[in-house]
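The values are calculated or read from the model by the stated rules, or taken from the named source; none is laboratory data. Keep in mind it's a predicted model, so treat the numbers as computed, not measured. No Cβ is skipped: glycine too gets one built from the backbone with ideal geometry, and neighbour counts run over all protein chains shown.
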Amino acid sequence: MENPPASSGMRHPRRLAWLAAGVSLALLLLAARLFHLQVVRAEELATRAVQQRTEALPLSFGRGLILDRNLRPLHAPLLSWRVLAFTPFVDDPLEAAGRVAGLAGLDRLEVYRALRDHDGFVLLSPPLEPSLAAVLVSGAAGARAGAGTERAASGALPPGFVLVQYEDRYGPGAVAPHVVGYVRAADQVGVAGLEKAFDQDLRGRQAATLLVRYDAYRRPLDGFRIVTAGDPAGGHDLITTLDWVLQQRVEQVLARWDLTAAAVVVDARTGALLAMASHPGFHPAHLKDYLDRSEDRPLVNRAVSAYPPGSVFKIVTAAAALERGLLDDDRRFLCRGYVDVGDRRFPSRCPTGPGILITWEEAMAASTNEVFIQVGLELGARPLLEAAAAFGFGRTTGLPLPEERAGHLPGAEDVRYAGDLANLAIGQGPLTVTPLQVAQFL
């Protein structure tokens, strides 16, 4: 009699054991993962979930002011009432634009375009007139919603719009943009000029932020709220030696001439910097309008950029020669209208025409190349370069501007030939200096 066939489970007991172990291990790993998510990381994930439904817009940062010598803010900060929209909450942009324009005195088409072209927060320009803002604010809700938090005013504005006090760090009356510099809009960190050099001192310790919370369908949960956090003392102010009125006038003169140029004004008695301007200029509140203008580079501070000094360097040549007794009131130079050095002819200007004898003072007044080339050749490269270094060329002035260049003062070994020395004596060749260096030297 034949035995009945064994079942498949009995034939493969080892396989069943491995399968059960695998299932158990998978369940154990799943349980561990759930424990990690629900217990260990519960607070972190809950915070992340809230953040995914929250958007924020900084309204002010409490950053310190940059002041002129009379304590007038150079960057003309402006605190004004502005209408702000959160576009996901605006159901009908065209209809809402009409209502908002009528209430706030804004241009309907501009409001509509702003709503149409943005997703998220959009600050509607321009700032409201003070009288109109007072009316809207007086009729708007502004009740406290908790410590450090308050509801933003909305009043008669349609859903998705709010009235806020917004701080423009750079107002219409801002001057000296190349000196003041600018901050990164998102976090108000200085990235150029004094804003960068003194960022840690200026940086605010208290920020006001507008928050809006919404669900997965981007529907509002609890409206707009303003949260203020940090030290109310704010950042430190920075006092400069600049004069706001003089600075504005210098900028106006450069703009009127519309030249690519720089101007520096210093107090002759103290050496204090009173004005520094570079043209073309820019407005820090509208940086994006200047980023593509590579042909005239308005963001470059030409007052601290390096260029060949030209004839102004003849003062250095004269000073070095006077110190070594090569010039006096009795010495005369024959002015021929040119001078040959090696195989190169340098043109020259004589005060009353060629073929006359002139003093070094007359040569200075007429900027006569041949006299200063002759004196430079008599001096030699090393004494001339030492005099230039003593006057501050070849190094920065110490002004706390990150963009300042030191210029280039060649070494004596770089002035090998008579032609090189002739060029150096009249401020040409590889020598470069900044307008700021020249102003302080003079």
Item to complete: Hand me the list of strands (runs of 3 or more DSSP E) wholly inside the range 142-252 holding 1 or more residues that are at pLDDT below 75 and not basic (Lys, Arg).
Response: 144-146, 149-151, 206-214, 220-230
Discussion item. Looking only at residues that are of a type outside the set (A, V, I, L, M) and assigned to a helix (DSSP H, G or I) in the range 423-442, which one is nearest to the chain's Cα centre (by Cα)?
Written reply: Pro435
Practice prompt. Name, by its number, the condition in (1) in contact with a Gly (Cβ under 7 Å, 6 or more places away or on another chain); (2) closer than 17 Å to Thr317 by Cβ that does not hold for Ala406.
Written response: (2)
Item to complete: Give the range 70-124 a look and list any residue that's of a type in the set (Gly, Ala, Ser) and surrounded by 13 or more Cβ atoms within 10 Å (Cβ to Cβ), or say none.
Response: Ala76, Ser80, Ala85, Ala96, Ala97, Gly98, Ala101, Ala104, Gly105, Ala114
Discussion item. Tell me yes or no: at least one residue of the range 397-406 is on the phi > 0 side of the Ramachandran plot and touching a residue at least 12 places away in the same chain (Cβ under 8 Å).
Written reply: no
Item to complete: With the condition kept exactly as written, say whether any residue in the range 335-346 is buried (at least 17 other Cβ atoms within 10 Å of the Cβ) and either free of Cβ contacts under 8 Å to residues at least 12 places away in the same chain or in a loop (DSSP other than H, G, I, E, B) (or both).
Response: no
Worksheet item: What number goes with the only condition from (1) touching a Ser or Thr at 6+ places or on another chain (Cβ under 9 Å); (2) outside any helix (DSSP H, G or I); (3) farther than 17 Å from Thr432 by Cβ that Thr396 does not pass?
Response: (3)
Response to the item:
If you go through Ala192, Ala197, Ala262, Ala272, the only one that is hydrophobic (A, V, I, L, M, F, W, C), in contact with a helix residue (DSSP H, G or I) (Cβ under 7 Å, 6 or more places away or on another chain) and within 23 Å of Glu404 (Cα to Cα) is Ala262
Worksheet item: Is it true that Gly411 is on the phi > 0 side of the Ramachandran plot, modelled with pLDDT under 95 and out of contact with any strand residue (DSSP E or B) (no Cβ under 8 Å at 6 or more places or on another chain)?
Response: no
Practice prompt. Within the range 359-378, count every residue that is in contact with a Leu (Cβ under 7 Å, 6 or more places away or on another chain) and buried (at least 19 other Cβ atoms within 10 Å of the Cβ).
Written response: 3
Worksheet item: Looking at Thr270, is it among the β-branched types (Val, Ile, Thr), in a loop (DSSP other than H, G, I, E, B) and more than 25 Å from Val183 (Cβ to Cβ)?
Response: yes
Response to the item:
Within the range 398-442, residues of a type in the set (S, T, N, Q) and surrounded by fewer than 18 Cβ atoms within 10 Å (Cβ to Cβ) come out as Gln428, Gln440
